[in-house]
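Have a look at the structure below, then the notes.
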Amino acid sequence: MSGLTYIIPCPYCSKTFEWREGKVQDSIILHCDSCGKELLAPDEPEAHEPFYKQCECGGYFEKTQRWTPFVCPHCKNEIEPRDVRNTLKVIEW
């Protein structure tokens, strides 16, 4: 396993949440572009087809997407990294 856990205070609702990124065994953590929910997807670098899966909220998990904005699970607002740059904590695992 290798990855990062961000502990983020939401600038909109002031609640704190965790956002994980990285690999877990042979899978990679993806996030829905609408609600931020996590999904473990197979990490197959040789696969030629892009990985897309629809979330129950109507958003998408995309493996080809370089960056997904942080989405607060409490208020569902998108958070830019610059808005929490000095307040988030990062834990490596």
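The values are calculated or read from the model by the stated rules, or taken from the named source; none is laboratory data. Because the structure is predicted, anything quoted here is derived from the model rather than measured. Every residue, glycine among them, receives a Cβ derived from its backbone with ideal geometry; neighbour counts consider all protein chains shown. Each accessible area value is taken on the protein alone, full model and side chains, heavy atoms only, with ligands, DNA and RNA left out. Shrake-Rupley method; radii C 1.70, N 1.55, O 1.52, S 1.80 Å.
Okay, helix-only estimate at 222 nm for the chain: each DSSP H run of n ≥ 4 adds -39500 (n - 2.57), divide by all residues, round to 500 deg cm²/dmol; what do you get? Walk me through the numbers before you get to the answer.
Values: 1 runs with 4 residues, N = 93.
When only DSSP H runs of four or more count, the value is -500 deg cm²/dmol.
What percentage of the solvent-accessible surface of the chain, computed with a 1.4 Å probe over protein heavy atoms, is contributed by carbon and sulfur atoms? Could you put the intermediate results ahead of the total?
Working: 2930 of 6270 Å².
Whole-percent figure for carbon plus sulfur exposure: 47.
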Once a ≥ b ≥ c are taken as the square roots of the eigenvalues of the Cα gyration tensor of the chain, is the result rounded (a/c under 1.5), prolate (a/b larger than b/c) or oblate (a/b not larger than b/c)?
oblate
Signed unit charges on C-beta, dipole axis of the chain, positive-most listed residue Cys32, Thr16, Pro42
Thr16
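Quote the charge dipole size of segment 1-91 about the Cα centre in Debye, to the nearest 20; the model charges only the Cβ of Lys and Arg (+1) and of Asp and Glu (-1).
Details: 11 positive and 14 negative charges, 95 e Å.
Rounded to the nearest 20 debye, it is 460 debye.
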Can you give me the distance in nm between label points at Glu21 and Gln54, each placed 7 Å from the Cα along the Cα-to-Cβ direction?
2.8
With all protein chains in place and a 1.4 Å probe, Asp26 shows an accessible area in Å² (nearest 10) of 120
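How do Glu92, Glu44 rank by accessible surface area computed with a 1.4 Å probe, from largest to smallest? Intermediate values should be presented prior to the final figure.
On the way: Glu92 155, Glu44 90 Å².
Putting Glu92, Glu44 in descending order of accessible area: Glu92, Glu44.
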